[in-house]
1. Does the stretch 90-97 include one or more residues that are at pLDDT 90 or above, part of a loop (DSSP other than H, G, I, E, B) and not hydrophobic (A, V, I, L, M, F, W, C)?
2. Kindly provide the set of residues from the stretch 35-46 that are touching a helix residue (DSSP H, G or I) at 6+ places or on another chain (Cβ under 8 Å) and not hydrophobic (A, V, I, L, M, F, W, C), ordered by number.
3. Of all residues being among the small types (Gly, Ala, Ser) and surrounded by fewer than 16 Cβ atoms within 10 Å (Cβ to Cβ) in the stretch 2-29, which is modelled with the lowest pLDDT? Just the residue, please.
4. If we scan the stretch 45-57, do we find a residue that is modelled with pLDDT of 95 or more, farther than 30 Å from MET132 by Cβ and either touching a strand residue (DSSP E or B) at 6+ places or on another chain (Cβ under 7 Å) or surrounded by fewer than 21 Cβ atoms within 10 Å (Cβ to Cβ) (or both)?
5. Consider GLY38 carefully, then state whether it is buried (at least 16 other Cβ atoms within 10 Å of the Cβ) and either of a type in the set (Phe, Trp, Tyr) or over 14 Å from LEU122 (Cα atoms) (or both).
6. Identify all residues within the stretch 126-151 that are touching a residue at least 12 places away in the same chain (Cβ under 8 Å), part of a helix (DSSP H, G or I) and within 19 Å of ARG60 (Cα to Cα); write none if there are none.
7. Search the stretch 114-136 for residues being surrounded by 15 or more Cβ atoms within 10 Å (Cβ to Cβ) and under 18 Å from the mean Cα position of the chain (by Cα), and hand back the single one that is nearest to LEU15 (Cα to Cα).
8. Would you confirm whether or not the stretch 66-82 contains a residue that is of a type in the set (D, E, K, R), surrounded by fewer than 16 Cβ atoms within 10 Å (Cβ to Cβ) and farther than 15 Å from ASN16 by Cβ?
Amino acid sequence: MHEGKCRVKDLDSYLNDHLAGSVAALELIAHCAHLCKGIPLGAFFSEMEAQIATDQDTLRDLMTRLSIEESKVLQAGAWAGEKLGRALLAMAGNEPGGLGPLLALEGLIMGIVGKGLLWRALAAANLPKLEMFDFEKLRRRVAEQIKRAQAEQVQSARRALVDAGLWRGDS
């Protein structure tokens, strides 16, 4: 295959995989925001939900620009997979100080890292129809999301893994 020519089938698959991941992420984040409503972790999940929805819209705009159709099959699979994941998190403990939110945060961090890799790959591909997308700005946004999610993950780990009576602070 010609090296400079866009491999449409591969690009379609790659972008639809990321879109499906964002569908699952938004489902899980909305669930976590509901479970943690009224506490700082709930506010964090709500803020992340809004940011990731915006990022998902950017991905959809990008796909439209490239004339790539959304795969409803992949999105349905991601939705179903999230429901299974939600059940597993519930078994770990859904309460705000439990293991479930810690695992959800770690999954969220992995998804955000994947999104950063997506933006980096698209910047490197330098596709002509995508010149209006500021991938560097999108990557900076990812870095900030990771920083915030990691801070929440540390706090969640402290709540979930350490007996409150034994915890002595930030050492």
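1. no
2. Those that are touching a helix residue (DSSP H, G or I) at 6+ places or on another chain (Cβ under 8 Å) and not hydrophobic (A, V, I, L, M, F, W, C): GLY42, SER46.
3. My answer is GLY4.
4. No: zero hits.
5. So GLY38 does not fit the description; no.
6. Result: LYS129, LEU130, PHE135, GLU136, LEU138, ARG139, ARG141, VAL142.
7. Checked the stretch 114-136; the qualifying residue nearest to LEU15 (Cα to Cα) is LEU118.
8. No, there is no match, as no residue in the stretch 66-82 is of a type in the set (D, E, K, R), surrounded by fewer than 16 Cβ atoms within 10 Å (Cβ to Cβ) and farther than 15 Å from ASN16 by Cβ.
The values are calculated or read from the model by the stated rules, or taken from the named source; none is laboratory data. The shown structure was predicted, so the numbers you read here are calculated from the model rather than taken from an experiment. Positions of Cβ are generated from backbone atoms using ideal geometry, with glycine treated the same way; all protein chains shown enter the neighbour counts.
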